[in-house]
Amino acid sequence: MFIDVYTAIVLWTFAIFGMVLFALKVYQHIRYAKHIDKGRLSVIISAKNQQDVIEGLVRGFILKAGIEGREDMLLNIVLVDVGSSDETAKIMEKLGEDYCFIKLLKPDELSSYLESM
């Protein structure tokens, strides 16, 4: 008899905990959705002579967005090369070919791009 009572207490505890956790997740989702303008994000990354880190940085950002289930929120990643003397510009071009939401801009094009947003 006592085993049935203890089993019921444990099961009810897990059920209540699950409902509270579910309600918190729904609340977080609603709160997060209110703070995102149109539900989309744009990121601008400028780099100069960063051939060792630029690809890892961009791919890591994309991977993190995918793991968190927010890859549909990425509107644009804008890469701006500000006069690199190494392979940074070529790496940025390769990333632009790999992903359709990555845009490559020159420094003088950035202001017109920001005005169009």
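The values are calculated or read from the model by the stated rules, or taken from the named source; none is laboratory data. Note that the structure is predicted; figures quoted are calculated from it, not measured. Here the Cβ is made from the backbone with ideal geometry for all residues, glycine too, and neighbour counts use every protein chain on show.
Some points to look at:
- Count of region 75-110 residues, restricted to those that are under 16 Å from residue 44 (Cβ atoms), in a helix (DSSP H, G or I) and of a type in the set (Lys, Arg), is 0.
- Lone unmet requirement of (1) surrounded by 15 or more Cβ atoms within 10 Å (Cβ to Cβ); (2) in a helix (DSSP H, G or I); (3) modelled with pLDDT of 90 or more for residue 113: (3)
- For region 100-112, the set of residues classified as under 24 Å from the mean Cα position of the chain (by Cα) and over 9 Å from residue 80 (Cβ atoms) consists of 100, 101, 102, 103, 111, listed by residue number.
- Looking only at region 29-82, residues that are among the acidic types (Asp, Glu), at pLDDT 80 or above and farther than 17 Å from residue 97 by Cβ come to 1 in all.
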